[in-house]
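Colleague: Could you have a look at this structure, given as structure tokens, before my questions?
Any read-out appearing in this document is the output of simple, stated calculations on the displayed coordinates, not a laboratory observation. What you are looking at is a predicted structure, and each value in this text was computed from that prediction instead of being measured. Note that each Cβ is placed from the backbone with ideal geometry, even for glycine, and that neighbours are counted across all protein chains shown.
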Amino acid sequence: MNIDYKITDMHLDVLKEIGSIGAAHAATSLSQLLDKKIEMLVPNVSFVSFDEMFDLAGGSERIVVGILQKIEGDLSGNMFYLLPLDSANQLTKRLVGETSIDFHNSTISELAISAMQEVGNILAGSYLSALSDFTQLKIQPTVPSLSVDMVGAIISFGLIELSHYYDEAIVIDTQIIVEGSSSVDGHFFLLPNPEAYISLFRSLGVL
Amino acid sequence: MDTVKNVVRVGIADMKIVKAPQKIRTSSLGSCVGVVLYDETTKIAGLVHVMLPDSSLGRLESFNRAKFADTGIYSLVELLKKEGVNPNSLKAKIAGGAQMFQFGSKDTIRIGPRNIEAVKLVLGRLSIPIIAEDTGGSRGRTIEFDPISIKLSIRTVNEGTNEI
């Protein structure tokens, strides 16, 4: 599985464009779910070490809600939606109208978990279907899985496959901001498996 | 200030050694395993943050040895020997190897338990006794070892800190 081509700035720009398209659709879905305006920052595409990747998400020990979906099909990889516990609380309360939900608790209700997983499903679904329309590649997300834990513990799970061969990874990171909150409320992390770049770049005519 | 200066941090797929009064720490172990090797006489300790069980899974000629259980632990022992530690006096404490998510591909399924098994296999081959462990489960762990008290403190989300 050697990569027999060089990833240039042009390729990174293409990935940035892909991240923009996907995240714009996901932000629209989130905005409809919440009936609030969602702002999305221009994606950050970087070639980073694993430790640097944790820093992108706020530091390896930061506690977040992480929803992971594996991606299969012509494009394979991992996709994370990471958000602060307070944001997850607000999001689920708004969606299911249940005020007792608290992701700070050590036991989180099944309802909260499935509501949050459904959010992940909707967001990843719109992100990836936009990507699929644009590239004409078949991309299927698996059922989402949720964990409330440290950033490093969560993201490293998505690095296992590529870490067999690499010590760095390309991450397409899009930050989103919900109206009325002052800080970044979440990150989409798209981590394509290295072999996926070939099909991706080929489909876009840049390889 | 002293506390900051005296704690050496080890990143993912990384290894380092310290001498008392320095402590050594690695954060947010998920399916990864933190292996501490220590010598009570010299008060020197090493920590490797292992990500994968077996280096034969990585098919590159040059690779980061600290990433794999087999090569990582052997390299750490070599480092400690260079500091004058007698390998026969080494003891181990280990933590990590959680299953963070409930699904996986053939590479990721049971990756936490497989990392633990691999670490134990290598320590067994080297005849290094495991004095204490906190492994498995589904929680991430941040660990810190003090070569003076020879305690490994383990912090998990919602469950506070405990020492082994």
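Colleague: Report, in whole Å, the centroid distance computed from the Cα atoms of segment B:76-90 and segment A:43-63.
Modeller: 34
Colleague: Using only Cα atoms, tell me the angle between helix A:110-135 and the longest principal axis of chain A; keep it within 0 to 90° and round to the nearest 10.
Modeller: Approximately 30 degrees, to the nearest ten.
Colleague: Measure nothing but the geometry: give the 0 to 90° angle between the long axis through the Cα atoms of A:194-203 and the longest principal axis through the Cα atoms of chain A, rounded to 10°.
Modeller: Here the helix axis deviates by roughly 70 degrees.
Colleague: Another question, if that's okay. In peptide A:159-172, what is the residue-averaged number of other protein chain Cβ atoms found within 10 Å of each Cβ? Kindly include the intermediate steps, with their values, before the conclusion.
Modeller: Working: counts 8, 12, 6, 1, 11, 12, 5, 4, 8, 0, 0, 0, 0, 0.
Taking the mean over all residues of the peptide, I get 5.
Colleague: While we're here: Cα axis of helix A:9-34 to longest principal axis of chain A: angle in degrees, 0 to 90, nearest 10?
Modeller: It works out to around 20 degrees.
Colleague: Test of understanding: express the Cα radius of gyration of the protein assembly as shown as a ratio to 2.2 N^0.38 Å, with N the residue count.
Modeller: Working: Rg = 21.3 Å, N = 371, 2.2 N^0.38 = 20.8 Å.
Against the empirical 2.2 N^0.38 Å value, I get 1.02 for the protein assembly as shown.
Colleague: Taking the Cα centre of segment A:9-203 as origin, work out the dipole magnitude from +1 charges on Lys and Arg Cβ and -1 charges on Asp and Glu Cβ, in debye rounded to 20. Numbers along the way, then the final one.
Modeller: Numbers: 9 positive and 25 negative charges, 100 e Å.
The calculated dipole for segment A:9-203 is roughly 480 debye.
Colleague: Also: Give me the number: length gained by fully extending residue A:134 to residue A:109, i.e. 0.36 nm times residue separation minus the C-alpha to C-alpha distance, one decimal in nm.
Modeller: Details: separation 25, 0.36 × 25 = 9.00 nm, distance 3.77 nm.
5.2 nm is the gain from fully extending residue A:134 to residue A:109.
Colleague: So what's the back-of-envelope 222 nm ellipticity for the protein assembly as shown, counting only DSSP H runs of four-plus at -39500 (n - 2.57) apiece and dividing by all residues, rounded to 500? Could you put the intermediate results ahead of the total?
Modeller: On the way: 10 runs with 125 residues, N = 371.
After summing the helix terms and dividing by the residues of the protein assembly as shown, the value is -10500 deg cm²/dmol.
Colleague: Right, something else. Take residue A:32, project a point 7 Å from its Cα along the Cβ direction, then tell me which residues of segment A:119-147 have their backbone nitrogen under 11 Å from it.
Modeller: A:123, A:126
Colleague: Check each of the GluC sites (Glu not before Pro) in segment A:62-146 and keep only those in coil by DSSP with at most 15 other C-beta atoms within 10 angstrom; list them in order.
Modeller: On the way: sites: A:72, A:98, A:110, A:118; in loops: A:98.
Listed in order of number, the matching sites are A:98.
Colleague: List the residues, sorted by chain then number, that are 5 or more residues from residue A:109 or on another chain and whose placed amide H is less than 5 Å from its amide H.
Modeller: Excluding prolines and chain starts, which carry no amide H, the hits are A:102.
Colleague: So if I take the alpha carbon set of segment A:9-203, get Rg, then get Rh from the Kirkwood formula, what is the Rg over Rh ratio?
Modeller: Numbers: Rg = 15.8 Å, Rh = 16.7 Å.
Dividing the radius of gyration by the Kirkwood radius yields 0.95.
Colleague: So, one more: Mind checking which of A:162, A:75, A:190 has the largest fluctuation in a GNM of chain A, springs on alpha carbons under 10 Å?
Modeller: Greatest mean-square fluctuation among the candidates belongs to A:162.
Colleague: Let me confirm the definition first: pairs of Lys residues in segment A:9-203, 8 or more apart or on different chains, C-alpha distance under 27 Å. How many are there?
Modeller: Numbers: A:16/A:36; A:16/A:37; A:16/A:70; A:16/A:138; A:36/A:93; A:37/A:93; A:70/A:93; A:70/A:138.
Value for segment A:9-203: 8.
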